[in-house]
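Worksheet: one structure, shown below.
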Amino acid sequence: MDRSEPIRTDMVIVGAGPVGLFAVFEAGLLGLRCHLVDNLDKPGGQCAELYPDKPIYDIPAIPVCTGQELIDRLMEQIRPFEPTFHLRQMAQTLERAEGGGWRLTTSAGTVFEAPVVVIAAGAGCFVPRRLPLPEAERFEGRSLFYAVRRRADFAGRRILVAGGGDSALDWLLTLEPEAEEIALVHRRDQFRAAPDSVARMRELVNAGRVRLIIGQIAGLEGEDGELEAVRIRTREGEVRHACDRLLAFYGLKMELGPLAHWGLELHEGLIRVDTEAFETNLPGVFAIGDICWYPGKLKLILSGFHEGALMAQKAFRYCRPEEKLVFRYTTSSTELQKRLGVRA
Amino acid sequence: MTIRVYVTDREGQLHELEAEPGWTLMEVIREAGLPIEAACGGCCACATCHVYVDEEWLARLEEPSDDENAMLDEAFEVQDNSRLACQIRLDERLSGIRVTLAPEF
């Protein structure tokens, strides 16, 4: 796609968690087309990333479902409205579009122009948890990485991988054949990664091809962003491990990110909205779900669903100022049933 | 009965908090307005309610679950007395417990 040509649509939703997904449904019933932006590699937000297997008991009419089941059901429910997902990218800037509406640009360079922007970003976007050492910044992107973007950066290197989960072990096993040497540092001799990966790692350790260090990273050494050694605190004291690449996997954290600078009125780190339409201080920009604040706000998924329904009513007026909005029920309206694809 | 909890914040200030039986330690700390992120809301899915439990109280707690240990893998400055506050359910036997907030990252 030509990146200079913006995607024109009715509604851009920032965040593909449960509330963002249900907003697609409410907007879709009114005939509005939606695009969603999310920094994760899949829809679902916290439900899919933090607690896919944990039970949720407070969704109306669903006595129990897991986080992932809730997302799967929402994805099925919004399928008729054919939303477009733009994943692995963060909503970066928001500015007024020429001729009205909003222009939103993502970290991947995708540009949207739409009369309505809906922020359903939960607790913010998921980003890798950075190494909390003052010197880390000097090495980040040069010899310290939180993800593998280009494998060539690691070939023939002396690599240290940190972490005990699937990301850490998968990359350890993938990079082992092409590394000059490779080591794994983890705080305990137990790993939550898939048992098969752990078994393969242990084999490589026994074969002398991977060095396993039980401890926690205490410091980084090197010049001009080039890592020379990592200091590791172990039970037996501090050790100095020589290496020139560090790949650290300490999970993801959530942060408000770029939208903190969009000129939105905030209340203790959340976006202040009205309770009629969940609109922010910027006309046509709405906030729903955990990220919005109003007196009495509860951070419940069901509250976010309600907020999305009311938001869609006002969003319609921005998207279709010439048209009249008639309130209808899915039970009785042939028009809504056509949109849902259950009636020809 | 009211349960007393003593929390040392990251500036070294000691806070005496009161809790009802059945609350988690994270909830007491959060309701008191102390800076504990508790991003996942208490379902043991993050490591942002990391605390250090005073040695004398540590042995009175149940052992951390596999889930809790797995989440502690994503924390920093983990020590032998590290726990996730959302996984410590308070009852009267724990009245007087002393903990320190771990550094925030």
Next on the checklist: Scan segment B:32-42 and tell me whether some residue there is in contact with a Cys (Cβ under 8 Å, 6 or more places away or on another chain), modelled with pLDDT of 95 or more and within 14 Å of chain A (Cβ to nearest Cβ).
Outcome noted: no
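Any idea which of A:ILE159, A:ILE119, A:ILE214, A:ILE182 is among the aliphatic types (A, V, I, L, M) and either on the phi > 0 side of the Ramachandran plot or in contact with a Phe, Trp or Tyr (Cβ under 8 Å, 6 or more places away or on another chain) (or both)?
On the way: A:ILE159 fails: either on the phi > 0 side of the Ramachandran plot or in contact with a Phe, Trp or Tyr (Cβ under 8 Å, 6 or more places away or on another chain) (or both); A:ILE214 fails: either on the phi > 0 side of the Ramachandran plot or in contact with a Phe, Trp or Tyr (Cβ under 8 Å, 6 or more places away or on another chain) (or both); A:ILE182 fails: either on the phi > 0 side of the Ramachandran plot or in contact with a Phe, Trp or Tyr (Cβ under 8 Å, 6 or more places away or on another chain) (or both).
Just one listed residue meets the conditions, A:ILE119.
Go through segment A:138-163 and report how many residues are within 14 Å of chain B (Cβ to nearest Cβ) and among the hydroxyl-bearing types (Ser, Thr, Tyr). Break it down into steps so the answer makes sense when it comes.
If we filter segment A:138-163 for residues that are within 14 Å of chain B (Cβ to nearest Cβ), which is where we start, we get A:146, A:161-163.
Next, from what is left, pick out any that are among the hydroxyl-bearing types (Ser, Thr, Tyr): A:146.
Selection size over segment A:138-163: 1.
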Checklist outcome for this item: Going through segment A:275-309 in order, the residues found to be among the small types (Gly, Ala, Ser) and either assigned to a helix (DSSP H, G or I) or over 21 Å from A:VAL24 (Cβ atoms) (or both) are A:GLY289, A:GLY296, A:SER303, A:GLY304, A:GLY308, A:ALA309
Checklist entry - If you go through segment A:109-126 one residue at a time, how many are in contact with a Pro (Cβ under 8 Å, 6 or more places away or on another chain) and of a type outside the set (Val, Ile, Thr)? => result 2
Next on the checklist: Suppose the filter is within 14 Å of chain B (Cβ to nearest Cβ), at pLDDT 95 or above and surrounded by fewer than 20 Cβ atoms within 10 Å (Cβ to Cβ); does A:ALA121 pass it?
Outcome noted: no
Next on the checklist: Between B:THR24, B:THR48, B:THR8, which is β-branched (Val, Ile, Thr) and either in contact with a Phe, Trp or Tyr (Cβ under 6 Å, 6 or more places away or on another chain) or within 14 Å of chain A (Cβ to nearest Cβ) (or both)?
Outcome noted: B:THR48
Checklist entry - Is there a residue in segment B:61-80 that is closer than 28 Å to A:ASP189 by Cα and more than 14 Å from chain A (Cβ to nearest Cβ)? => result yes
Next on the checklist: Can you find a residue that is over 27 Å from A:ALA194 (Cα atoms) and within 14 Å of chain B (Cβ to nearest Cβ) anywhere in segment A:102-118?
Outcome noted: no
Item to check | The listed residue being at pLDDT below 95, buried (at least 20 other Cβ atoms within 10 Å of the Cβ) and out of contact with any helix residue (DSSP H, G or I) (no Cβ under 8 Å at 6 or more places or on another chain), out of B:GLU20, B:GLU74, B:GLU104, B:GLU63 | outcome: B:GLU74
Next on the checklist: Regarding segment A:126-137, can at least one residue be identified that is crowded, with 16+ Cβ neighbours inside 10 Å and away from chain B (no Cβ under 12 Å)?
Outcome noted: no
Checklist entry - Quick one: which strands (runs of 3 or more DSSP E) sit completely within segment A:195-243 and have at least 1 residues that are acidic (Asp, Glu) and touching an Asp or Glu at 6+ places or on another chain (Cβ under 7 Å)? => result A:216-223, A:226-234
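The values are calculated or read from the model by the stated rules, or taken from the named source; none is laboratory data. Because the structure is a prediction, the values reported are computed rather than measured. Please note: Cβ atoms are built from the backbone with ideal geometry, for glycine as well, and neighbour counts cover all protein chains shown.
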